[in-house]
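Undergrad: First the structure, which I've put down as C-alpha cells, then a few questions once you've had a look.
The values are calculated or read from the model by the stated rules, or taken from the named source; none is laboratory data. Source: prediction; values computed, not measured. Glycine also receives a Cβ, built like all others from the backbone with ideal geometry; neighbour counts cover every protein chain displayed.
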Amino acid sequence: MHSLDPRFLWRGARLLGTFLSGGISHANVQITNRCNMRCGFCTFPQRAVRPDDELTLDDWRRVAATLAEAGSVVVSIEGGEPLLRDDAPDIVAAFAEAHHPWLYTNGWYVTPPLAHRLWDAGVLEVGVSIDYATAARHDASRHTPGAFARAVDAVRTLAATSPRGPTRVHILSILFEDNLAELEPLLELSGSLGVKHMLTFLSTTGIYRSGAAQQAPREPVSARIHALKRRYPHLAIFRSYVDGIDRFLAGEVPPCGAGLTGMNIDHRGAVSPCIELAHLEAANIAREPWSEVRTKLAALPEPRSCKRCWTLCRGATEAMAGRPRLRDWKDFFSEFVQ
C-alpha cells in the first residue's frame, strides 16, 4: 500500500510544499505524439513523428531527474497514445522515483500483463478515455471500430489488477456540446465498473487541438455536474473547477498560471506553458538545466492574458496553487488521493 511506503510519503510531503509555494505542481507529458485513433478533436495523428524522433528511455530518465529539482510534481503521462511505446512502464518508473505519475490511455493496448507492469512501475492512477455511453457513438468519434469495447475491457483489466483497488482507475470524459445528455449513462457505466469518473471541458485551440468534429458546450453546465455528483459520488471533481466552467463560458476567466504552476513537455522534451500553447517552446528539459527551463518558462508573457481554455489540468492546478481554500484541500484529498 502506498500509504505505508516511505517514498510515497516523501513525495507527498514535497508535493504539498510545492502547492503552498505556488511552484510547478503539474506537468503534462507527451511521451509520443503517435496514436492509433483518429479523434476529430485532436491533431496528434496528423503531426505524428517516427519513434526515433522521440526521446529515448534514458532521455526520459534525465527529464524526470531534472524535473525533480522543481519538487515532487503530478505528472500526467499522455500521448498521442502512450502505450504505443513498449517502454511506457519504464518511463512511468522513471517519473515514480520523485513524482506522482498518472497515465492516460484510450485503452486499446491494455492487457493484464501490461497492466501489472504499469502498477508495478509505480503509476498512481490510470485514466481511460470514454466520451460517449454507446459503442456506436464512441467508435464513430474515434474513427476506430471496437474502440468502446476495448476501452471498457481496459477499465476492467486495470481495476482488477490495481494493488490499491479499482478506485485508482477512472474514466475520463470530455465535455462536448453533443454528449451532455450522455453524462448520466456514462456515470452509470463507470459506477457499474466500480471506478471513478472525471470530466474535462473540451479545448479546440492550440496545435494539438481541433474543432473539426465536436464543439464545446455553450450552455451553463456547472449546476448539472453538481447535481450528478450528488447522485453519483464516484464522480471526482474539484468544485472550484466545476464552478469555473460557467464563468469560462461567460468570458470570466482568471489570469492563467500556465508556466508558473503547470507546464507541458512534448515528445522531444520541448517545454511550453501548456498543451494549448505548445507552439511557445521556452526551453528543452532534456538538454537544459532546470534553473534555465524555469526562468525561460516563467518569462513568457502570453499565458497571463490567455483565455483559451478551461480544461481540468488548468482548473485543478490553479485550485491548488498558492494557498488553496479549505474546500480545495478537501476535494484534493477526498476525491483524488484516497
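Undergrad: Test Ala286 against the stated conditions and say whether it is within 29 Å of Asp59 (Cβ to Cβ), without any contact (Cβ under 8 Å) to a residue 60 or more places away in the chain and either surrounded by 15 or more Cβ atoms within 10 Å (Cβ to Cβ) or over 19 Å from the mean Cα position of the chain (by Cα) (or both).
TA: So Ala286 does not fit the description; no.
Undergrad: Of everything in the range 1-47, what is at pLDDT below 75, of a type in the set (A, V, I, L, M, F, W, C) and assigned to a loop (DSSP other than H, G, I, E, B)? Give them in sequence order.
TA: Met1
Undergrad: Does Leu235 satisfy the criteria of being in contact (Cβ under 8 Å) with a residue 40 or more places away in the chain and within 30 Å of Ser162 (Cβ to Cβ)?
TA: yes
Undergrad: Does the range 55-78 contain at least one residue that is surrounded by fewer than 21 Cβ atoms within 10 Å (Cβ to Cβ), under 24 Å from Leu158 (Cβ atoms) and at pLDDT below 85?
TA: no
Undergrad: Checking Arg38 against (1) touching a Leu at 6+ places or on another chain (Cβ under 8 Å); (2) under 21 Å from Tyr208 (Cβ atoms), only one condition comes out false. Which one?
TA: Exception for Arg38: condition (1).
Undergrad: Continuing with the same structure: Taking only pairs six or more apart or across chains, which ones have beta-carbon atoms under 7 Å, a first residue in the range 54-70 that is free of Cβ contacts under 8 Å to residues at least 24 places away in the same chain, and a second residue that is among the hydrophobic types (A, V, I, L, M, F, W, C) and assigned to a helix (DSSP H, G or I)?
TA: From the range 54-70, no pairs qualify.
Undergrad: On the given criteria, is Ala270 without any contact (Cβ under 8 Å) to a residue 24 or more places away in the chain and under 19 Å from Gly79 (Cβ atoms)?
TA: yes
Undergrad: Let me ask another. If you take the residues of the range 56-73 that are in contact with a strand residue (DSSP E or B) (Cβ under 9 Å, 6 or more places away or on another chain) and part of a loop (DSSP other than H, G, I, E, B), which of them is farthest from Gly262 (Cα to Cα)?
TA: Looking at the filtered set, the residue picked out is Ser72.
Undergrad: With respect to the numbered conditions (1) loosely packed, with under 13 Cβ neighbours inside 10 Å; (2) of a type in the set (Phe, Trp, Tyr); (3) modelled with pLDDT of 70 or more, which one is the sole condition not fulfilled by Trp310?
TA: (1)
Undergrad: Within the range 157-170, is even one residue in a helix (DSSP H, G or I), crowded, with 20+ Cβ neighbours inside 10 Å and within 16 Å of the chain's Cα centre (by Cα)?
TA: So far as the range 157-170 goes, yes, one or more of its residues are in a helix (DSSP H, G or I), crowded, with 20+ Cβ neighbours inside 10 Å and within 16 Å of the chain's Cα centre (by Cα).
Undergrad: Can you pull out the residues in the range 136-160 that are aliphatic (A, V, I, L, M) and under 23 Å from Pro112 (Cβ atoms)?
TA: Listed by number, the residues that qualify are Ala147, Ala149, Ala151, Val152, Ala154, Val155, Leu158, Ala159, Ala160.
Undergrad: Closer than 26 Å to Leu15 by Cβ and either surrounded by fewer than 17 Cβ atoms within 10 Å (Cβ to Cβ) or more than 16 Å from the chain's Cα centre (by Cα) (or both) - does that describe any residue in the range 192-212?
TA: So far as the range 192-212 goes, yes, one or more of its residues are closer than 26 Å to Leu15 by Cβ and either surrounded by fewer than 17 Cβ atoms within 10 Å (Cβ to Cβ) or more than 16 Å from the chain's Cα centre (by Cα) (or both).
Undergrad: Then there's this: Going through the range 74-126 one residue at a time, which ones are more than 20 Å from Leu55 (Cβ to Cβ) and assigned to a loop (DSSP other than H, G, I, E, B)?
TA: If the condition is that a residue be more than 20 Å from Leu55 (Cβ to Cβ) and assigned to a loop (DSSP other than H, G, I, E, B), then Asn106, Gly107, Trp108, Val110, Thr111, Leu124 are the ones that fit.
Undergrad: Another one. Select from the range 79-108 the residues that are aromatic (Phe, Trp, Tyr) and touching a helix residue (DSSP H, G or I) at 6+ places or on another chain (Cβ under 6 Å) and write down the one among them that is surrounded by the most Cβ atoms within 10 Å (Cβ to Cβ).
TA: Ranking the qualifying residues of the range 79-108, first place goes to Phe95.
Undergrad: Taking Phe44 as meeting all but one of (1) within 23 Å of Leu297 (Cα to Cα); (2) in contact with a Gly (Cβ under 7 Å, 6 or more places away or on another chain); (3) surrounded by 16 or more Cβ atoms within 10 Å (Cβ to Cβ), write down the number of the exception.
TA: With respect to (1) within 23 Å of Leu297 (Cα to Cα); (2) in contact with a Gly (Cβ under 7 Å, 6 or more places away or on another chain); (3) surrounded by 16 or more Cβ atoms within 10 Å (Cβ to Cβ), Phe44 is out only on (1).
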